[in-house]
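S.K.: What follows is a single structure, and I will ask about it in a moment.
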Amino acid sequence: METLISILVGILVTVAVYLLLSRNLIRVILGTAVLSHAAHLLLITMGGLKKGSAPLLGEGAESYTDALPQALILTAIVISFAVTALLLVLAYRTYKKTATDDLQALRGFEDE
Amino acid sequence: MKINDVILQTVTKIVVFIILTFGIELFLAGHNSPGGGFIGGLVLSSAFVLLYLVHDIETVRKGIPFDFKKIAAIGAFLAVGTGIGAVLFGEEFLTQAFDYFDLPVFGETELSTVMLFEAGVALTVVGVVVTIISTISEDV
Amino acid sequence: MNNIIVMPMIIPLVTGIILVFLRHYVKTQRVLSIVSSILTLVASLVVLNQIQQDGILRLDFGGWLPPYGILFVADSFSMLLVTTTSIVTGILLIYAFSSIEKQFEHTFFYPFVFFLVAGVNGSFLTGDLFNLFVCFEVMLLSSYVLITMGGRKLQLIESMKYVTINVLSSWFFLIGIAYLYGAVGTLNMAHLSVRVAEVGQGPILTVISLMFLIVFSLKAGLLLYFWLPGSYSVPQTVVAALFGALLTKVGIYAMFRVFTLIFYHDTIITHNVIGVMAILTMIGGSIGAIAYNDIRKIIAYNVVIAVGFILAGLAMSSETAFQGAIYYLIHDMVVKALLFLLGGTMIYLTGKAKIEEMSGLIRNYPILGWLFFITMLSLAGIPPLSGFIGKVYIGQGAIETGSFILLTTAFLSGIFVLYSLLRIFLNCFWGETIINEDEDIPLKKGMLVPCVLFGIMTIAIGIGVEGLAPYVSDAARTLMNPEIYIDAVLQGNR
């Protein structure tokens with residue numbers, strides 16, 4: 001299971017890097033979103049998968065999965081959600097102001 | 001081009017309430033089972049976003065005349081406030097308290113200050129999401 | 001039970017939230033923000049002095065004992081930085097009152113400054129690696145908003161880069177945390193230190209430590225500073241000063257914390273890498289500082305040089321060098337804020353940013369000119385000013401540890417700092433004045449007073465260094481002996 005997820009993380013990172021290196025502003029933002037999802041998956045994999053039952057009261061199981069990585073991921077998701085939302089607003093404003101979403105065209109602007 | 005969205009509008013009238021109820025259900029389920037402020041808040045805000053999509057911004061603003069930035073601030077204040085509340089009672093910062101109460105309709109219920117914290121989180125999420133969506137959509 | 005430790009983070013946070021509601025009452029916002037800065041300062045001074053008597057203080061959130069809960073730890077090093085942060089923000093706010101446009105005061109400028117400060121103070125105080133990540137993000141999110149305020153074309157483009165590079169470095173941070181958690185199974189810094197010492201810092205842990213090095217280098221601008229000059233030269237003057245004074249310092253602090261507390265076993269790799277990076281940073285920063293004609297760019301490259309200089313102290317890793325680095329860190333927070341303010345004021349007065357387009361400003365604004373002169377001397381490390389003592393200690397540390405290449409580069413970079421600022425001084429302040437009588441824009445008192453306050457601070461730190469000495473030597477001692485920190489946090493229940 002861990003191996004499979006690790007490979008998945010690798011694929012996600014590949015996709016994200018491809019998107020990040022593209023010239024389109026929206027693709028870059030999508031790249032950062034995919035990138036943070038890869039990190040979240042890695043975090044939960046590092047805590048160990050399927051080690052026991054869900055860490056909830058009332059499950060009555062013998063062993064529980066480590067709850068800490070899940071808490072970390074929830075926090076990380078909230079943060080990446082906020083950052084992505086902010087990036088979208090920023091990209092939109094940049095597009096409005098410069099009338100282009102091509103990063104190549106955004107180079108070499110001098111201050112007006 | 002104005003598209004005819006009678007079906008969407010009619011469905012939304014019912015669906016929004018289902019979403020809102022589900023959001024509150026998720027919010028209350030938190031603490032000891034899956035759910036909680038963040039998830040509940042996201043679901044709640046999805047209801048508002050649906051309204052924005054179906055109707056235009058002005059109409060929704062007439063119906064829900066809140067400043068969502070302030071809602072986010074109230075939420076953040078509530079969340080930090082529960083932490084400071086503990087300080088006022090001489091406990092360590094962010095200490096949470098809970099007790100069991102016999103409420104008239106619900107029977108014995110567990111009430112805890114975590115609930116207030118989660119309510120703060122939910123309000124913040126709703127406020128922030130709706131603010132962001134309306135900022136992007138405002139000047140299109 | 002030391003609830004006061006959390007105050008330097010909570011006061012700004014609550015102030016920020018309250019100021020959101022007072023959006024349209026600019027006067028109230030200003031008064032409240034000054035009051036809050038003073039309260040923060042008082043709280044941090046109280047904690048700083050309490051540490052000298054009771055040793056390192058800690059606060060377990062919600063009563064969960066370490067290593068299970070999250071916690072705040074206050075030692076002399078972090079509290080010195082928190083105190084400086086509160087003073088610097090307070091003074092910068094005064095500058096903001098007269099320089100920032102009305103429109104921004106209505107669109108949550110002050111709340112975001114306070115969220116930024118809450119994030120900075122939180123990062124200084126936290127004793128948990130993941131909490132450090134969260135505080136970093138609080139700080140960065142506010143900085144994303146602050147950097148775009150104004151919405152000029154260039155500003156938006158630069159902030160796009162700034163945000164993307166920071167998202168990337170946050171990703172590295174998360175990955176590092178994930179690997180570290182997978183390897184040793186804890187995130188409490190003191191507990192991490194114990195666990196890492198137990199298993200020994202093998203190749204895997206060293207690689208993880210290098211990941212953290214990448215993260216903090218990106219944030220601090222150590223070698224990976226390519227984004228810094230661009231993004232620090234576009235925002236409003238106050239925002240740029242805030243960034244220059246605080247943001248890179250948080251990265252430096254994190255690097256000090258992680259590489260003295262957790263990964264201090266394999267210095268041959270980690271500390272040598274830091275040393276080489278510091279040298280390259282100083283060289284690159286020096287080249288940048290003398291290559292540009294834009295005042296803001298020159299100042300931004302000066303930030304880069306200082307980062308290299310301070311981290312040279314970490315690379316030497318002796319108590320004397322740490323002392324020097326801490327002195328220099330405090331000095332740099334004050335002086336860089338002043339430098340950004342002076343640069344911004346000059347641009348405001350003349351409407352130009354290139355040095356060859358300005359001339360003779362000292363005739364119209366003598367105080368400004370002499371303040372710039374003092375700043376220059378202070379950065380160069382002339383004795384009665386604050387930069388001197390840090391340089392001396394770092395030099396002494398370098399000789400003790402035999403790191404002569406670091407020593408040479410560090411002091412050569414000082415000459416380049418002096419040269420780059422001297423160029424500004426000679427071009428802009430001396431010579432025939434370009435401003436004729438009727439075009440003379442009066443220098444607002446609200447802009448001059450903060451600069452003078454910073455000027456007084458750099459002199460005061462230089463002369464009153466004796467008063468700072470006990471705190472700094474305690475901080476350096478704690479950095480050198482991680483057991484002190486570990487004992488204070490875990491108190492035997494390892």
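The values are calculated or read from the model by the stated rules, or taken from the named source; none is laboratory data. Treat the numbers as computed from the prediction; the structure is a model and nothing was measured. Reconstructed Cβ throughout: ideal geometry from the backbone, glycine too, with neighbour counts over all protein chains shown. To get the accessible areas, we keep the full protein, side chains included, count just its heavy atoms, and leave off ligands, DNA and RNA. Shrake-Rupley method; radii C 1.70, N 1.55, O 1.52, S 1.80 Å.
Listed here are the residues, each with its yes/no results for (1) within 14 Å of chain B (Cβ to nearest Cβ); (2) free of Cβ contacts under 8 Å to residues at least 60 places away in the same chain.
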position: C:T40; (1), (2): no, no
position: C:Q53; (1), (2): no, yes
position: C:L81; (1), (2): no, no
position: C:F108; (1), (2): yes, no
position: C:P111; (1), (2): yes, no
position: C:S123; (1), (2): no, no
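S.K.: Select from the range C:152-175 the residues that are touching a helix residue (DSSP H, G or I) at 6+ places or on another chain (Cβ under 6 Å), within 7 Å of chain A (Cβ to nearest Cβ) and either in contact (Cβ under 8 Å) with a residue 12 or more places away in the chain or under 12 Å from C:I214 (Cα atoms) (or both) and list them in ascending order.
M.R.: C:S159, C:V163, C:W171, C:L174, C:I175
S.K.: Give me the pairs: first residue in the range C:395-418 and within 15 Å of C:A289 (Cβ to Cβ), second residue polar (S, T, N, Q) and surrounded by fewer than 19 Cβ atoms within 10 Å (Cβ to Cβ), beta-carbon distance under 8 Å, and six or more apart or on different chains, which are they?
M.R.: The qualifying pairs do not exist here.
S.K.: Consider A:L68 carefully, then state whether it is touching a helix residue (DSSP H, G or I) at 6+ places or on another chain (Cβ under 9 Å) and more than 10 Å from chain C (Cβ to nearest Cβ).
M.R.: Answer is no for this residue.
S.K.: Got a sec? Which of A:A82, A:A61 is small (G, A, S) and either within 18 Å of A:M1 (Cβ to Cβ) or part of a loop (DSSP other than H, G, I, E, B) (or both)?
M.R.: A:A61
S.K.: A further question follows. May I ask you to verify whether C:Y179 is at the interface with chain A (Cβ under 9 Å from one of its Cβ atoms), open to solvent by 10 Å² or more (accessible area, probe 1.4 Å) and part of a helix (DSSP H, G or I)?
M.R.: Yes: the conditions hold for C:Y179.
S.K.: When C:N188 is evaluated against the numbered criteria (1) open to solvent by 10 Å² or more (accessible area, probe 1.4 Å); (2) under 26 Å from C:I4 (Cα atoms); (3) of a type in the set (S, T, N, Q), which criterion, by number, is the only one it fails?
M.R.: Going through the list (1) open to solvent by 10 Å² or more (accessible area, probe 1.4 Å); (2) under 26 Å from C:I4 (Cα atoms); (3) of a type in the set (S, T, N, Q), C:N188 breaks only (1).
S.K.: Restricted to the range A:85-101, and to residues that are in contact (Cβ under 8 Å) with a residue 40 or more places away in the chain and open to solvent by 30 Å² or more (accessible area, probe 1.4 Å), which residue is nearest to the other protein chains (Cβ to nearest Cβ)?
M.R.: A:L88
S.K.: Out of all the residues in the range C:182-199, which are at the interface with another protein chain (Cβ under 9 Å from one of its Cβ atoms) and more than 14 Å from C:Y68 (Cβ to Cβ)?
M.R.: Across the range C:182-199, the qualifying residues are C:G182, C:A183.
S.K.: Report whether or not A:L49 is at pLDDT below 85 and away from chain C (no Cβ under 11 Å).
M.R.: yes
S.K.: Given (1) part of a loop (DSSP other than H, G, I, E, B); (2) surrounded by 15 or more Cβ atoms within 10 Å (Cβ to Cβ); (3) not aliphatic (A, V, I, L, M), where does B:G127 come up short, assuming only one miss?
M.R.: So B:G127 meets the others, but not (1).
One line per residue, one yes/no per condition, for (1) part of a loop (DSSP other than H, G, I, E, B); (2) closer than 19 Å to C:P235 by Cα; (3) open to solvent by 10 Å² or more (accessible area, probe 1.4 Å); (4) not hydrophobic (A, V, I, L, M, F, W, C):
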site	(1), (2), (3), (4)
C:F114	no, yes, no, no
C:S123	no, no, no, yes
C:L132	no, no, no, no
C:Q155	no, yes, no, yes
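S.K.: All but one of (1) more than 30 Å from A:T94 (Cα to Cα); (2) open to solvent by 30 Å² or more (accessible area, probe 1.4 Å); (3) within 14 Å of chain C (Cβ to nearest Cβ); (4) without any contact (Cβ under 8 Å) to a residue 40 or more places away in the chain hold for B:Y100, so report the exception by its number.
M.R.: (3)
S.K.: Of everything in the range B:55-68 that's part of a helix (DSSP H, G or I) and more than 20 Å from the chain's Cα centre (by Cα), which residue is surrounded by the most Cβ atoms within 10 Å (Cβ to Cβ)?
M.R.: So, considering only residues that are part of a helix (DSSP H, G or I) and more than 20 Å from the chain's Cα centre (by Cα), the one surrounded by the most Cβ atoms within 10 Å (Cβ to Cβ) is B:T59.
S.K.: Here is a follow-up. Out of the range C:456-494, which residues are touching a residue at least 60 places away in the same chain (Cβ under 8 Å), open to solvent by 50 Å² or more (accessible area, probe 1.4 Å), assigned to a helix (DSSP H, G or I) and of a type in the set (D, E, K, R)?
M.R.: Correct list: C:R477 only.
S.K.: Answer yes or no: is there a residue in the range C:135-149 that is open to solvent by 10 Å² or more (accessible area, probe 1.4 Å), in contact (Cβ under 8 Å) with a residue 40 or more places away in the chain and of a type in the set (F, W, Y).
M.R.: No, that holds for no residue.
S.K.: Let me ask you something else. Here's a check for you: in the range C:141-151, which residue that is assigned to a helix (DSSP H, G or I) and more than 8 Å from chain A (Cβ to nearest Cβ) is farthest from C:L13 (Cα to Cα)?
M.R.: So the residue we want is C:I147.
S.K.: Checking the conditions here, which among B:T109, B:T135 is surrounded by fewer than 17 Cβ atoms within 10 Å (Cβ to Cβ), modelled with pLDDT under 90 and assigned to a helix (DSSP H, G or I)?
M.R.: B:T135
S.K.: Given B:G40, B:G35, which one is of a type in the set (G, A, S), open to solvent by less than 50 Å² (accessible area, probe 1.4 Å) and on the phi > 0 side of the Ramachandran plot?
M.R.: Result of the check over B:G40, B:G35: B:G35.
S.K.: Every residue in the range A:45-64 that is surrounded by fewer than 19 Cβ atoms within 10 Å (Cβ to Cβ) and of a type outside the set (G, A, S), please.
M.R.: Once the filter is applied, which keeps residues that are surrounded by fewer than 19 Cβ atoms within 10 Å (Cβ to Cβ) and of a type outside the set (G, A, S), the range A:45-64 yields A:L49, A:K50, A:K51, A:P55, A:L56, A:L57, A:E59, A:E62, A:Y64.
S.K.: What are the residues in the range C:399-418 that are more than 23 Å from the chain's Cα centre (by Cα) and either crowded, with 18+ Cβ neighbours inside 10 Å or of a type in the set (S, T, Y) (or both), if any?
M.R.: If the condition is that a residue be more than 23 Å from the chain's Cα centre (by Cα) and either crowded, with 18+ Cβ neighbours inside 10 Å or of a type in the set (S, T, Y) (or both), then C:T401, C:S403, C:T408 are the ones that fit.
S.K.: Which of the residues that make up the range C:15-74 are in a helix (DSSP H, G or I), open to solvent by less than 30 Å² (accessible area, probe 1.4 Å) and under 18 Å from B:A86 (Cβ atoms)?
M.R.: Hits for the range C:15-74 are C:I17, C:A43, C:F61, C:G62.
S.K.: Is there any pair with a first residue in the range B:67-94 that is closer than 17 Å to C:F114 by Cβ and at the interface with chain C (Cβ under 8 Å from one of its Cβ atoms) and a second that is at pLDDT below 85 and open to solvent by 20 Å² or more (accessible area, probe 1.4 Å) whose Cβ atoms are under 8 Å apart and which are 6 or more apart or on different chains, and what are they?
M.R.: Matching pairs, first to second residue: B:G83/B:L94.
S.K.: Would you call C:L314 over 24 Å from C:V452 (Cβ atoms) and assigned to a helix (DSSP H, G or I)?
M.R.: Here the answer is yes, as C:L314 does meet what is asked.
S.K.: Something else now. So which of C:M255, C:M277, C:M282 ends up being open to solvent by 20 Å² or more (accessible area, probe 1.4 Å) and outside any loop (DSSP other than H, G, I, E, B)?
M.R.: Criteria check complete, one pass: C:M277.
S.K.: Next question. Among (1) open to solvent by less than 50 Å² (accessible area, probe 1.4 Å); (2) more than 21 Å from the chain's Cα centre (by Cα); (3) under 22 Å from C:A325 (Cα atoms); (4) not β-branched (V, I, T), which single condition is C:L443 missing?
M.R.: The one condition C:L443 does not meet is (3).
S.K.: Has the range A:28-42 got any residue that is among the polar types (S, T, N, Q) and either facing another protein chain (nearest Cβ under 9 Å) or open to solvent by less than 40 Å² (accessible area, probe 1.4 Å) (or both)?
M.R.: yes
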